[in-house]
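Engineer: Let me give you the structure first, and then I'll get to my questions.
The values are calculated or read from the model by the stated rules, or taken from the named source; none is laboratory data. Given the structure is predicted, the values throughout are model-derived calculations rather than measurements. Neighbour counts are summed over all protein chains in view; Cβ atoms, including those assigned to glycine, are modelled from backbone coordinates with ideal geometry.
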Amino acid sequence: MKLKHVSQSLSPLHASLSFPSPNIQLEQYPTSIDLASHFAWTAWNRGDLSGSPPSFSTSESDSEGEGDCVIVDLGCGTGILGISTVVVGATEVYAVDCDEEAMDVARRNVER
């Protein structure tokens, strides 16, 4: 997988990556598509996500559920980081935020 493919997959979200009324105390600021793409691609390239290069772990428990990659995005904001991990192979993402407006934005982005 190439970095440009991750960016291209996220590009339809470009217009929706801002908060309607950002709360500075919640550190709400948009994460760019470039940053999210680099984040997910780097995790994939390091083998931290499913579909990644093989792990060098020899632990028997690590092989259970092989191919599954569950991500928890705490303080998900617009949801772009969680969505970017799906693009590179995460099988499940739990997005959590204490702000309902942010969750609405994240839900709309997931639908897109």
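Engineer: Could you check, for segment 78-101, whether at least one of its residues is at pLDDT 90 or above, in a helix (DSSP H, G or I), acidic (Asp, Glu) and surrounded by 13 or more Cβ atoms within 10 Å (Cβ to Cβ)?
Structural biologist: Restricting attention to segment 78-101, the residues satisfying the condition of being at pLDDT 90 or above are 78-101.
Now drop any that are not in a helix (DSSP H, G or I), which leaves 80-87, 100-101.
So of that shortlist, the ones also acidic (Asp, Glu) come out as 100-101.
When the remaining residues are screened for being surrounded by 13 or more Cβ atoms within 10 Å (Cβ to Cβ), the result is 101.
Yes.
Engineer: Considering only residues that are modelled with pLDDT of 85 or more, in a helix (DSSP H, G or I), more than 13 Å from the chain's Cα centre (by Cα) and not charged (D, E, K, R), which ones fall in segment 1-35?
Structural biologist: If the condition is that a residue be modelled with pLDDT of 85 or more, in a helix (DSSP H, G or I), more than 13 Å from the chain's Cα centre (by Cα) and not charged (D, E, K, R), then Leu3, His5, Gln8, Ser11, Pro12, Ile24, Gln25, Leu26 are the ones that fit.
Engineer: Then there is this: Name the residues in segment 60-74 that are at pLDDT below 95 and either in contact with a Pro (Cβ under 8 Å, 6 or more places away or on another chain) or surrounded by fewer than 17 Cβ atoms within 10 Å (Cβ to Cβ) (or both), would you?
Structural biologist: Glu60, Ser61, Asp62, Ser63, Glu64, Gly65, Glu66, Gly67, Asp68, Val70 - these are the residues of segment 60-74 that are at pLDDT below 95 and either in contact with a Pro (Cβ under 8 Å, 6 or more places away or on another chain) or surrounded by fewer than 17 Cβ atoms within 10 Å (Cβ to Cβ) (or both).
Engineer: Also, I was wondering about something else. Considering only segment 64-112, state which residues are charged (D, E, K, R) and within 22 Å of Pro20 (Cβ to Cβ). First the steps, then the outcome.
Structural biologist: Of all residues in segment 64-112, those charged (D, E, K, R) come to 64, 66, 68, 73, 92, 97, 99-101, 104, 107-108, 111-112.
Matches in segment 64-112: Asp73, Asp97, Asp99, Glu100, Glu101, Asp104, Arg107, Arg108, Glu111, Arg112.
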